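Here is the structure we will look at.
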Ligand code: NAD
C-alpha cells in the first residue's frame, strides 16, 4: 500500500496518460506542475500551555496550485498530520475545485496535534500563532483556509480575528466561520448534505430503493450526512467512530445519537443500538466512509456488502481496494465529487462576504444541489464515454480543465 501522496500522484499520472497530455502539450511539464506544489510552508509554533510550560507543534500550509484562482483548502488538526498527507490533501483540493467549477486553486493546512489534549485557551493560542506565521501567505484573494478534521467554526473565527489584527479586516480570509462573523447558512452541514446529494444520484442510477446506509465517522461530515438521511426517511442502520460502532437494523435515531456524542465525546454506549465488532462488513446497501484516509483497504474490501460507496472522507479507499470493489461491481462515488459540497458552500460564503449580502439557507442548498447534480452528470458521462470508473472520469474532467487553464495562461 503506497502513501496517500504516492496514490494521488500515481492517479494523476495515469489520468495524464489516458488523456495523452504529454503528446498534446509537449514540453509543458504537466505532471511536474501537477505533482510539485507551488509553495510548501512548514514551520514550528511554540505555545505556552495553561500550566506555564511550553509545547512545540509542527505546522504546515501547502499551496498546491492557483492556476484557476486563489488557493483554497481546509486546516486539519490531527496527531498523524505530516507533510506528505497535507501535500496529498492539497492536490485533491486543486482537482476538486476544478471538477465542481469554482474559481479557486487548491491548498491545505495542518498541525500535528490531537486537539482533545489541549484546553480551549491553549488551542486559541496555537491557532493565533499559526495564523500570525501565515499572515503574508493567506488573504481573501491569495489563500482562503476553512475547517477540516479537528477544526470547526470556532478555529475559523480565531483565524479571522488574528488576521484582522495584522491586515485589513476581511471576512473572506477564511470560510466556515460562525454566522455572526460572516459565515454562511448551510456551510456547517454542506459537506454531509453534498455526500447525500451524490448518494441519491448514484442510487437512482443503480435503481436502489428502500436502501439502508452505514456511516463510518460521526464528525462534521458523517453526522450531517446521517442527519440528512434521517430527515429524508432513509434508514441509517450502522455508524462507527473512533470510540466504537453501533448498529440497529430498524434504523438509528440520529438526532439522539448526536446528543449522545455531544454529551459523552463519542457514539460508544449509545443505547439505541447494539455494538458492532466489524463495521465495514456489516450489512448495509450503501456505505459512506466519512472518517479519514485508507479505511477501505485490500484487507477489508472483499467483505464489504454494500453495492454503493460514497466517499465523504478524502482518500478513504486505497487503489488496491478500488480494484477489488470494481471486480465486485460496487459503484464508488469518488471523494473529489462526493465531498465537494463543503468547498462549494465555502465559495458561496466568500461570495456573500464580498457582496455583503447574505442568502437564505434554502438558496444556499438549492445552489449547492444544482452544482453537485451537474457535476455528477458530467462525471458519469465522461466515465461512460471513456469506459472508466467514476473516479477516473472525475480526474479526467478536473485535469483537462486545469491543463487548459495552464496552457491559456502562458508561462512567462
Ligand atoms: P471530524 O474531525 O469532524 O470527524 C472525524 C470523525 O471520524 C470522528 O467521528 C472520528 O471519531 C472518526 N474517526 C477517526 N478515526 C476513525 C476510525 N479509525 N474509525 C472510525 N471512525 C474514525 O472530521 P470531518 O470534518 O468530519 O472530516 C472527515 C473527513 O471528511 C476527512 O477526510 C476530511 O478531510 C473530509 N472532508 C471534510 C470536509 C469538511 O467540511 N469538514 C470537507 C471535505 C472533506
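General observations
- Residues 325, 399, ranked from the fewest to the most other C-beta atoms within 10 Å, line up as 325, 399.
- Reducing segment 114-134 and segment 278-297 to their Cα centroids gives an inter-centroid distance of 31 Å.
- Within a Gaussian network of the chain (alpha carbon springs, distance under 10 Å), most fluctuating of 353, 141, 339: 141
- The chain, relative contact order in percent, only Cα pairs under 8 angstrom and at least six apart counted: 16
- Size check on segment 168-222: the Cα extents along the three principal axes, sorted descending, read 52, 22, 14 Å.
- Rounded, prolate or oblate (a/c below 1.5 giving rounded, otherwise prolate when a/b exceeds b/c) for segment 116-208 by Cα gyration tensor: prolate
- The percentage of C-alpha pairs in segment 189-338 whose separation is greater than 18 Å is 50%.
- Rounded, prolate or oblate (a/c below 1.5 giving rounded, otherwise prolate when a/b exceeds b/c) for segment 256-348 by Cα gyration tensor: oblate
- For segment 136-187 and segment 72-110, distance of Cα centres in Å: 16
- If you run the Gaussian network model on the chain, springs between alpha carbon atoms under 10 Å, then out of 222, 393, 22 the most flexible one is 22.
- Counting neighbouring beta carbons within 10 Å and listing from fewest to most, the residues 212, 94, 297, 119 come out as 119, 297, 212, 94.
- Mean projected area (nm²) of the alpha-carbon convex hull when segment 1-48 is viewed from all directions: 5.2
- Considering only 210, 365, 314, the mean-square fluctuation computed in a Gaussian network model of the chain, springs between alpha carbons under 10 angstrom, is largest for 210.
- Computed over segment 37-170: relative contact order in percent, which uses C-alpha pairs under 8 Å that are six or more apart: 27
- Annotation: the residues 28, 199, 295, 93, sorted from fewest to most other C-beta atoms within 10 Å of their own C-beta, follow the order 28, 295, 199, 93.
- Taking a ≥ b ≥ c as the square roots of the eigenvalues of the Cα gyration tensor, an a/c ratio of 1.5 or more together with a/b no larger than b/c marks segment 350-412 as oblate.
- Estimated purely from DSSP H runs of n ≥ 4, each contributing -39500 (n - 2.57), the mean residue ellipticity at 222 nm for the chain is -14500 deg cm²/dmol once divided by its residues.
- Across q = 0.07, 0.08, 0.09 Å⁻¹, the chain modelled as identical point scatterers on its alpha-carbon atoms has Debye log10 I(q)/I(0) values of -0.31, -0.40, -0.52, in the order of the q list.
- In summary, segment 34-83 shows an alpha-carbon radius of gyration equal to 1.48 times the 2.2 N^0.38 Å reference for compact globular proteins.
- Summary of the geometry: segment 396-412 and segment 20-63, compared by the centres of their Cα atoms, lie 21 Å apart.
- Globularity ratio of segment 37-170, using Cα Rg and 2.2 N^0.38 Å: 1.01
We did not get these values from a lab; they are worked out from the coordinates using the rules stated. On a predicted model such as this, the values are computed, not experimentally measured, just so you know. Cβ: placed from backbone, ideal geometry, glycine included. Neighbour counts: every protein chain shown.
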